[in-house]
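Heads up, the thing below is written out as structure tokens.
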Amino acid sequence: MSEMTRFCVSCGREGVQLVGSLCPSCYVERTELIKFPDEVEVRRCRFCGSSWFDRKWVKLPEQEVLAATISQTSLIDHNISSLKIEASQIRFDPKEGKVVEVTASGHVHGAGFRLNRSVRLTERNVTCDSCLKKRGKKYEVVVQLRGKEGKLDEGVKRLFEESLDKEALDNLCDVVSLREGVDYYFISKSVGKRVVSRFSQVTRVWVTESHEGERVRDGRRESKLILAVRA
């Protein structure tokens, strides 16, 4: 039998591309294209709403995180193309508890499909690393904003705070006003350095760098970074 006369063992169609022994339409109807997990767990920060996904904390819409998590934990037929998995809604089931309604759509060699499933949902409220540090006021860098002549001008303070973007504000764990100026405590050294670099682009500043509280922990040398900024 030639290649062109192969036929679908289910419907008998000839002259079509086969997936195994089935035409795409029959394959879609008779095959378990996606094996969804029975249950999915989502860890969410009780304070900022961030979700734990792909080994890091992310701030994404709940449905987007659920869809991506379900996609990662599903067994997906390799013949599928243009796959789209969506978490449409969360509801309460008397027997299952919280469930998420999942819709999956795609194609198998031109034959479209749409699947609807309900997946049990476990939500765990925890505290993300950033909020844990904020609430404990754990910081890595202090930006000391000072005036050139000793007293900090209110306009300079306002300019500095207006230059803080969302990432910087999320990273800020404490602000202390002093007679000589204002100290801004940031959780991350890289964020603190970027804040100072960005501020130096909008006004002329003098920056000195120092370290305090140096110690060795787990074989690594650690210290607090102090960035003294005069503007």
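Considering only residues in the range 135-154 that are outside any loop (DSSP other than H, G, I, E, B) and in contact (Cβ under 8 Å) with a residue 60 or more places away in the chain, the one that is farthest from residue 223 (Cα to Cα) turns out to be 146. Residue 157 meets all of the listed conditions (1) in the same structural domain as residue 37 (by TED's automatic domain parsing); (2) among the basic types (Lys, Arg); (3) part of a helix (DSSP H, G or I) but one, namely (1).
Residue-by-condition table, conditions (1) within 30 Å of residue 206 (Cα to Cα); (2) in contact with a Lys or Arg (Cβ under 7 Å, 6 or more places away or on another chain):
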| position | (1), (2) |
| --- | --- |
| 70 | no, no |
| 73 | no, no |
| 88 | no, no |
| 92 | no, yes |
| 110 | no, no |
| 131 | no, no |
| 140 | yes, yes |
| 143 | yes, no |
| 146 | yes, yes |
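With the structure loaded, tell me whether residue 19 is touching a residue at least 12 places away in the same chain (Cβ under 8 Å) and not assigned by TED's automatic domain parsing to the domain that holds residue 115 or whether it fails that test.
Answer is yes for this residue.
If I ask for residues that are farther than 25 Å from residue 48 by Cβ and surrounded by 15 or more Cβ atoms within 10 Å (Cβ to Cβ), which ones from the range 104-129 would you list? The answer is 104, 105, 106, 107, 108, 109, 111, 113, 115, 117, 119, 120. Note on the range 17-45: residues that are of a type outside the set (Asp, Glu), more than 17 Å from residue 121 (Cβ to Cβ) and not in a strand (DSSP E or B) amount to 13.
Does the range 140-149 include one or more residues that are out of contact with any helix residue (DSSP H, G or I) (no Cβ under 7 Å at 6 or more places or on another chain) and small (Gly, Ala, Ser)? Scanning the range 140-149, I find no residue that is out of contact with any helix residue (DSSP H, G or I) (no Cβ under 7 Å at 6 or more places or on another chain) and small (Gly, Ala, Ser), so the answer is no. Scanning the range 171-187 for residues that are crowded, with 19+ Cβ neighbours inside 10 Å, of a type outside the set (A, V, I, L, M) and at negative phi yields 171, 173, 184, 185, 186.
Identify, please: which residue in the range 86-103 is crowded, with 17+ Cβ neighbours inside 10 Å and either touching a residue at least 24 places away in the same chain (Cβ under 8 Å) or not assigned by TED's automatic domain parsing to the domain that holds residue 40 (or both) and is, among those, farthest from residue 52 (Cα to Cα)? The qualifying residue farthest from residue 52 (Cα to Cα) is 102.
Mind checking whether some residue in the range 32-51 is at pLDDT below 95, at positive phi and not assigned by TED's automatic domain parsing to the domain that holds residue 69? Taking every residue of the range 32-51 in turn, none turns out to be at pLDDT below 95, at positive phi and not assigned by TED's automatic domain parsing to the domain that holds residue 69. Candidates are the residues of the range 136-194 that are polar (S, T, N, Q) and farther than 13 Å from residue 224 by Cβ; the one that is farthest from the chain's Cα centre (by Cα) is 177. Residues in the range 106-123 that are closer than 19 Å to residue 79 by Cβ and either touching a Gly at 6+ places or on another chain (Cβ under 7 Å) or not assigned by TED's automatic domain parsing to the domain that holds residue 40 (or both): 113 only. Consider residue 12 carefully, then state whether it is assigned to a loop (DSSP other than H, G, I, E, B) and out of contact with any helix residue (DSSP H, G or I) (no Cβ under 6 Å at 6 or more places or on another chain). Yes. For residue 213, the criteria (1) free of Cβ contacts under 8 Å to residues at least 40 places away in the same chain; (2) in a helix (DSSP H, G or I); (3) more than 30 Å from the chain's Cα centre (by Cα) hold in every case but one, which is (2).
The values are calculated or read from the model by the stated rules, or taken from the named source; none is laboratory data. Note that the structure is predicted; figures quoted are calculated from it, not measured. As a convention, Cβ positions derive from the backbone with ideal geometry for all residues, glycine included, and neighbour counts pool all protein chains shown.
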